[in-house]
Amino acid sequence: MALQLYSLAAAGVILLSCAFCTGQRELVLALEDTFEDFNLSLWKHELTLGGGGNSEFQWYTNNRSNSYVEDGVLHIKPTLLSDYLLDGDNGVVNGQLNIWGNQPADLCTGNAFFGCERNAQASGSYLNPIVSARLRTAESFSFTYGKVEVCAKLPRGDWLWPAIWMLPTDNQYGQWPASGEIDLMESRGNAPNYTAGGYDSFGSTLHWGVHYTQNQFHRTHQVTSESQEQDFTNDFHTYGLIWNETYIGTYLDTESNPVLQVPITQSFFQLGGWPSPPWANPWRGRRNNAPFDRRYFLLLNLAVGGTGGFFPDGDGKPWMNSQSNAVNSFYDARDEWFPTWTQSFQIDSVRVWTYQDVSPVTTTSTTTSSAIGTLVYLLTNSTLLHTIVCIVLSVGLFRVLY
């Protein structure tokens, strides 16, 4: 009903059904971006060399060569750092980068793992040889519970790592992964014959644990089944999420085609099986679905390589995860992998619906497609207005009948 109300209001008509007055749980459109323009008030760029905690090989920046909107589609496209440097490859091998910035929109967003400044000669490791983008709504939009649908076409290219995911706005239960992480889609740009899986498959995962050494993601991880596997680079597909107090699950294209299904029947501390002591329960006193009971924000990114294990050793991989300077071996093999980079990560739309009986939605920008849509969203989330409208409808119905 809420989406019907949203669309009819845009036409200057307000239609309210009986379901509006009942206790029935309904979804309300809270965010819609169809990328008619690149809304940088909503999508903030991360600016860092840190490698995402996996020693990945990209530099995340804000550049229209790497993130741009064209014909109603958001593109995230990786490029070579050497193309930007005056001394080309020599700059990658022997140069230095300082991205601390001095203006609010230019400040480095992550200094961990030498994320704001690197020196190739001093470290013995090349500069991040790839330039890419990671976008987030941490400062502009977050929510608790609902439905997410991202319509996207995956990239092609060896060692590319596209992701659609969510992180907690506030680390209420501690640092990662104690406060959780929700991955709707992670895939690889490699060909389908790649042992770990290529662009014919993707995985969905919940990350959680009492400490970063205790990440229990393997208990809540699922890769697309054989019946679902296909070439995800040829067409746009919908990567969806259903998230509430008793269930977290992802799906491909329709809710009837689930990928990850996590019914919540016990606490995550119980599911993890930690002895106490020595481990303390960071979610004690909360519902069983903690840490997945707080506000989360959206992320879209395209990483490259890394040594965290997402790309296992062997099967043609030019670097070893145990190498201290793995990036050197990766970049030295660029004549092998760069010609395979034939398609960007493309996002056609992002939509989020929230339950109208759950209030934690935070936004600092207009996130629906019109001011009327925003007004309708406020109307459908006001208990007082619910009551008033129900009374008006009841009186009107009484007059019609009697």
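The values are calculated or read from the model by the stated rules, or taken from the named source; none is laboratory data. Here the structure is a predicted model, which is why all the values come from computation and not from measurement. With ideal geometry, Cβ positions are generated from the backbone for all residues, glycine too; neighbour counts draw on all protein chains shown.
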Go through the residues of segment 164-176 one by one and say whether even a single one is in contact with a helix residue (DSSP H, G or I) (Cβ under 9 Å, 6 or more places away or on another chain) and not in a strand (DSSP E or B). yes
So, of the residues in segment 216-232 that are polar (S, T, N, Q) and over 13 Å from ILE182 (Cα atoms), which turns out to be surrounded by the fewest Cβ atoms within 10 Å (Cβ to Cβ)? SER227
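A quick yes/no check of all residues on (1) closer than 20 Å to VAL69 by Cα; (2) acidic (Asp, Glu); (3) out of contact with any strand residue (DSSP E or B) (no Cβ under 8 Å at 6 or more places or on another chain):
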{"residue": "ASN98", "(1), (2), (3)": "no, no, no"}
{"residue": "LEU107", "(1), (2), (3)": "no, no, yes"}
{"residue": "ASN111", "(1), (2), (3)": "no, no, no"}
{"residue": "PHE114", "(1), (2), (3)": "no, no, yes"}
{"residue": "ASN119", "(1), (2), (3)": "no, no, no"}
{"residue": "ASN128", "(1), (2), (3)": "no, no, no"}
{"residue": "VAL131", "(1), (2), (3)": "yes, no, no"}
{"residue": "TYR145", "(1), (2), (3)": "no, no, no"}
{"residue": "VAL150", "(1), (2), (3)": "yes, no, no"}
Against the condition over 13 Å from ASN301 (Cα atoms) and in contact with a strand residue (DSSP E or B) (Cβ under 9 Å, 6 or more places away or on another chain), how does THR137 come out, does it pass? no
Which numbered condition in (1) in contact with a Phe, Trp or Tyr (Cβ under 7 Å, 6 or more places away or on another chain); (2) surrounded by 21 or more Cβ atoms within 10 Å (Cβ to Cβ); (3) in a loop (DSSP other than H, G, I, E, B) is the only one that ALA152 fails? (3)
Residue count for segment 46-66, restricted to those that are surrounded by fewer than 20 Cβ atoms within 10 Å (Cβ to Cβ) and of a type outside the set (S, T, N, Q): 2
With respect to GLU181, determine if the residue is free of Cβ contacts under 8 Å to residues at least 60 places away in the same chain and either outside the structural domain of GLU245 (by TED's automatic domain parsing) or of a type outside the set (A, V, I, L, M, F, W, C) (or both). yes
Yes/no for GLY314 being of a type in the set (Gly, Ala, Ser), part of a loop (DSSP other than H, G, I, E, B), at negative phi and in contact with a Ser or Thr (Cβ under 9 Å, 6 or more places away or on another chain): no
Answer yes or no: is there a residue in segment 184-200 that is among the aliphatic types (A, V, I, L, M) and crowded, with 21+ Cβ neighbours inside 10 Å. yes
Please list, ordered by residue number, the strands (runs of 3 or more DSSP E) wholly in segment 56-144 having 3 or more residues that are over 19 Å from PRO162 (Cα atoms). 96-98, 117-119, 141-143
Going by the conditions given, is LEU241 among the aliphatic types (A, V, I, L, M) and surrounded by 20 or more Cβ atoms within 10 Å (Cβ to Cβ)? yes
Are any of the residues in segment 301-311 among the hydrophobic types (A, V, I, L, M, F, W, C) and within 30 Å of THR354 (Cα to Cα)? yes
Scan of segment 227-265 for residues that are under 18 Å from ALA152 (Cβ atoms) and aromatic (Phe, Trp, Tyr), ordered by number: PHE232, PHE236, TYR239, TYR251
